[in-house]
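Participant: Can you read through this structure? Questions will come right after.
The values are calculated or read from the model by the stated rules, or taken from the named source; none is laboratory data. What you see is a predicted model; the values in this text were computed from it and never measured. Cβ placement follows ideal geometry from the backbone for every residue including glycine, while neighbour counts extend to all protein chains displayed. In case anyone asks, the SASA skips ligands and DNA or RNA and just uses the protein heavy atoms, side chains included. Shrake-Rupley method; radii C 1.70, N 1.55, O 1.52, S 1.80 Å.
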Amino acid sequence: MTPIAKAEAVADCSLEHAFSIISNMERFKDWFPKVMSISSANKLPHGEVNKTYVERVSLPLRGTQAIEIVVKESVPNRRFVTEGQLPPLLPRMEIDLAPVDGGTTLISWQMFSRSANPLVKALLLPFAKRIVQRRASVGVLRLKAMLEQPLT
């Protein structure tokens with residue numbers, strides 16, 4: 001896998017709260033830029049391996065695209081991993097959570113490409129890295145703000 005983007009933030013919330021928001025991919029549109037909508041495509045509960053979603057995202061030069069997203073790994077309050085069926089990039093999102101002093105949570109967000117194609121690596125990934133890194137920087141700050149909202 002090839003790294004595309006990385007962003008981190010420390011949120012003033014519990015690990016449990018952070019994981020509950022992150023593992024519900026229907027909330028992804030609330031914090032990640034250019035995600036137009038995302039909906040469940042099967043009846044598995046959020047946060048369960050093989051839970052599937054359909055994401056509609058705005059992509060440069062391609063407009064709005066529907067992408068199937070599948071949960072590949074889910075360790076409650078620690079790690080959440082998805083893979084998207086978007087050739088030729090084949091994205092993989094990994095979010096790791098860790099406790100920090102005072103009950104806060106470190107959120108480490110990363111995006112990778114699963115493509116082994118040398119042309120994709122040479123031609124597409126440099127372009128994708130710039131775009132996804134900008135979105136990730138904004139998205140993780142939005143997630144932090146969302147997680148720190150008072151619970152109602």
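Participant: Leaving ligands, DNA and RNA out of it, work out the accessible area of Phe32 with a 1.4 Å probe and give it in Å² to the nearest 10.
Facilitator: That residue has around 20 Å² of solvent-accessible surface.
Participant: May I ask for the net charge around Lys29, where only other residues with Cβ less than 9 Å from the Cβ of Lys29 are counted and Lys, Arg are +1 while Asp, Glu are -1? Write down the numbers at each step before the final one.
Facilitator: Working: positive: Arg27, Arg56; negative: Glu26, Asp30, Glu55.
Charge balance in the 9 Å sphere: -1.
Participant: Assuming a strict under-26 Å limit between Cα atoms, what lysine pair count do you get for the chain once near-sequence pairs (fewer than 8 apart, same chain) are dropped?
Facilitator: Summing the qualifying lysine pairs gives 27.
Participant: Per residue, how big is the convex hull around the C-alpha atoms of the range 16-138? Give it to me in cubic angstrom, could you? Mind dumping the intermediate values first?
Facilitator: On the way: hull volume 13.2 nm³, N = 123.
Hull volume normalised by residue count: 107 Å³.
Participant: Tell me the relative contact order for the range 1-55 as a rounded percent, counting alpha carbon contacts under 8 Å between residues six or more apart. Kindly include the intermediate steps, with their values, before the conclusion.
Facilitator: Numbers: 48 pairs, mean separation 13.6, N = 55.
Across the range 1-55, relative contact order equals 25 percent.
Participant: For the pair Leu119 and Ala66, what calculated FRET efficiency results from E = 1/(1 + (r/R0)^6), where r is the Cβ-Cβ distance and R0 = 22 Å, to the nearest 0.05?
Facilitator: On the way: r = 24 Å, r/R0 = 1.11.
According to the calculation, E is roughly 0.35.
Participant: Measuring with a 1.4 Å probe in the full set of protein chains, what accessible area per residue, in whole Å², belongs to the chain? Present the calculation step by step, with values, prior to reporting the outcome.
Facilitator: Working: 7800 Å² over 152 residues.
Accessible area per residue, the chain: 51 Å².
Participant: Hey, any idea what % of the chain's accessible area is carbon plus sulfur with a 1.4 Å probe?
Facilitator: That fraction is 56 percent.
Participant: If you don't mind, another one. Lys6 to Asn42: FRET efficiency via 1/(1 + (r/R0)^6), r the Cβ-Cβ distance, R0 25 Å, to the nearest 0.05? All intermediate terms of the calculation are to be shown ahead of the outcome.
Facilitator: Details: r = 29 Å, r/R0 = 1.18.
Once the sixth-power term is evaluated, E becomes 0.25.
Participant: How far is helix 125-147 tilted, in degrees, relative to the longest principal axis of the Cα atoms in the chain, given as a value from 0 to 90 rounded to the nearest 10?
Facilitator: 20
Participant: What does the charge add up to near Lys144, with Lys and Arg as +1, Asp and Glu as -1, over the other residues with Cβ less than 11 Å from its Cβ?
Facilitator: For residues surrounding Lys144, the net value is -2.
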